[in-house]
Every structure is written in structure tokens, then in C-alpha cells.
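J.: Sending over a structure as C-alpha cells; questions will come in a sec.
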Amino acid sequence: MRALATIAIVSVAAAVTSVAIGAPATLQSKLAEVVAAPTRTPANVARDKYRHPVETLAFFQVKPGDTVVEIWPGGGWYTEILAPYAAARGSYWAAGPWPKGLDGVRALQAKDAALYGKVNLAAFPADAGQPKVPDGSADVVLTFRNVHNWRAGYQRGGQDYAAEAFRQMYAMLKPGGTLGVVDHRLPESADAARETNSGYIKVSTVRRLAEQAGFVFDSASEINANPKDTADWPNGVWTLPPSYQLKDVDRAKYAAIGESDRMTLRFKKPR
């Protein structure tokens, strides 16, 4: 475990040097510290080379005292970073399909109440009567690789509810707050129908959804780009790691490509 922690610290130190210009050094340092924490799951640490958490969170301007909402945290990959980061001075909300969609975060809470006991849980998208993130309460809302799910109607019987998802994210942010979006990038020239079955989505679609909800586009980064990903695989994005849906068929080929090419977009809620 000590060797893994050392490797993580070295990897993070190298990553910090390439954080987008403009992120304060103190912010980078605090993020690097929590990303290098030995409490993170080794399997999650191994994926840092694809997800670039220090650079990504610095680009999204996530500060230690912020109220941060993560939409659809899944197994808690970013929860392991964001919950400790926000615990001392800020707060962290995990919002997902209610209630089963937050089982991964609940498992972390059961495993380590001291580290994750302060995590707030909410439904997303929240239906009437379900617990929700209070309107106007969040400094930062983050969603990683989820907009394509809403566009495809995942968890809602195939009905596209992306517009409602963006409306709810807009409502929970304070004026001047930040929305950070990472998702698998579909080339603009591709058939838009592929957004419903490939796991990829166009930047223009994400921007349209955000701007229709009231957000103002602020900036984009190539932090999570992967030029090896052509986005035209037999089983969509799930052909690539970590899913490997084709199992051993051409596995070495897909391993060499790595995880998907991803957009990294920052939006603001007007003051």
C-alpha cells in the first residue's frame, strides 16, 4: 500500500505541472494532496492517468470551502476525492437516481463513517417528494460522463430527460456558480442518432442543453482528450476500457487506445 501511495504522489506531482494556466498554485496544491491520499482505492488511483482529477478539478475551480454537488457519483470514484476535500470547510452532496443509484456512496459511508459520514445524499433528477439539493445552495455542480445517459433516457425508459437535468442543476447553483461537465465526445460530423446508443455525445449538444437552461459557456479544456479514440467502436464507448464489452476480442488494441476522448466544459450561472 505504501508503494502505491508513493506512485500516486509522484503521478500527481507530475500532473500538477500541466494544470491549465490560471489555476492558483495553492488550489493545485490542496487538490494534489487529497488526490494523493492513501485512503483512496488503489484501483481508482490507477485510473488517474485517464481522468486527470487534479487538472480537472482545478479547471472547474473547486475550492476547499465550496458546497460541491456531484451528479450521479456511481461507485464513488470522485467521492473519494471530493468528500474529504470539502469536509473541513465546505460540504459535498452526492445526487443520483433515488435511492439505489447512491448505493456506491452508501457503501463508502458504511466502510468509513469518519471520512464519508458528512456526505449529503439527494435524488437526481428529483421527483416530487424526493430529497433534493436545495435551490441556490451550490457553488459548484459537477457531472462526469453522464449527459449521454440522460440524452439516451437511461433510468427513464428511453425518454430523453437531459433538458430537465440541466434545469435542475441550474436551480441548485448559486448565482455566479459553476457547472463542470465531462463526457465522451462524439465528433460534430457524426449522425446525432448515435447520441442515444453509443455512449458518446456532441459538444454542441451539451452546450445547447446548458445554454437553454440559462447557463453561460465559460471555457473548455483538452485535459481529458484522447486523440486515439475515433468514437466509432462496435459496442460504442463500452468497447474501450474499463468496460471491455468485447471481452478478449482485440483487448490489447483497445487497451492501447485507453479510455475515451472526453470533452471538459465549464459553464457559469449568471449573477
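The values are calculated or read from the model by the stated rules, or taken from the named source; none is laboratory data. Worth saying up front: this structure is predicted, and the values here are computed from it rather than measured. We place every Cβ from the backbone using ideal geometry, glycine too, and count neighbours over all the protein chains shown. When the accessible area is computed, the model is the full protein with side chains, heavy atoms only, and any ligands, DNA or RNA have been set aside. Shrake-Rupley method; radii C 1.70, N 1.55, O 1.52, S 1.80 Å.
J.: Within the range 183-243, report the GluC sites (Glu not before Pro) that DSSP leaves as loop and that have at most 16 other Cβ atoms within 10 Å. Mind showing how you got there, number by number?
T.: On the way: sites: 188, 195, 211, 222; in loops: 188, 222.
Passing both the DSSP loop test and the Cβ count: 188, 222.
J.: Filter the chain for me: DSSP H helices, axial length by Cα at least 20 angstrom, mean Kyte-Doolittle hydropathy not below 0.5. List them by residue number. It would help to have the intermediate numbers written out before the result.
T.: Numbers: long enough: 2-16 (21 Å, 2.01).
The answer, listed by residue number, is 2-16.
J.: Within the set of other residues whose C-beta is less than 13 Å from the C-beta of residue 258, count the net charge using Lys and Arg as +1 and Asp and Glu as -1.
T.: Numbers: positive: 47, 49, 51, 228, 251, 253, 262; negative: 48, 229, 259, 261.
Spelling it out: positives minus negatives among the neighbours equals +3.
J.: Another one. Please list, ordered by chain and number, the residues whose modelled amide H lies under 5 Å from the amide H of residue 142; skip anything fewer than 5 residues away on the same chain.
T.: 69, 70, 71, 180
J.: Using a 1.4 Å probe on the protein heavy atoms, what percent of the accessible area of the range 128-214 belongs to carbon and sulfur?
T.: Values: 1670 of 3510 Å².
Roughly 48 percent of what the probe reaches on the range 128-214 is carbon or sulfur.
J.: State in Å² the accessible area per residue of the chain; use a 1.4 Å probe, count heavy atoms of protein chains only, and round to the nearest integer.
T.: On the way: 12080 Å² over 271 residues.
Accessible area per residue, the chain: 45 Å².
J.: Next up: I want to verify the translational diffusion coefficient of the chain in µm²/s; compute it with Stokes-Einstein, Rh as the Kirkwood radius over Cα pairs, at 10 °C and 1.306 mPa s. Could the numbers behind the result be given before it?
T.: Numbers: Rh = 19.0 Å.
Reported coefficient: 84 µm²/s.
J.: If you take every DSSP beta bridge fully contained in the chain, what fraction is antiparallel? Give it as a percent rounded to 5. The partial results should precede the final answer.
T.: Numbers: 12 of 32 bridges.
That works out to approximately 40 percent antiparallel.
J.: Rounded to the nearest 0.05, what FRET efficiency do residue 244 and residue 33 have when you use their Cβ-Cβ distance and R0 = 35 Å? Don't skip to the answer; put the middle values down first.
T.: Numbers: r = 33 Å, r/R0 = 0.93.
So, using R0 = 35 Å, E works out to roughly 0.60.
J.: Next question, about the same structure. In straight Cα distance, which lysines are under 30 Å from residue 202, not counting same-chain residues fewer than 8 positions off?
T.: 49, 63, 100, 132, 174, 228, 247, 253, 268, 269
J.: Net charge near residue 168: determine it from the other residues with C-beta under 11 Å of the C-beta of residue 168, scoring Lys and Arg +1 and Asp and Glu -1.
T.: -1
J.: Of all alpha-carbon pairs in the range 59-144, indicate the percentage at a distance above 20 angstrom. Don't skip to the end; give the middle numbers.
T.: Numbers: 941 of 3655 pairs.
In whole percent, the long-distance tail amounts to 26.
J.: For residue 86, what is the net charge nearby, where nearby means another residue's Cβ is under 14 Å from its Cβ and Lys, Arg count +1, Asp, Glu -1? Mind dumping the intermediate values first?
T.: Values: positive: 30, 63, 89, 118; negative: 33, 66, 70, 80, 139.
Surrounding charge for residue 86 is -1.
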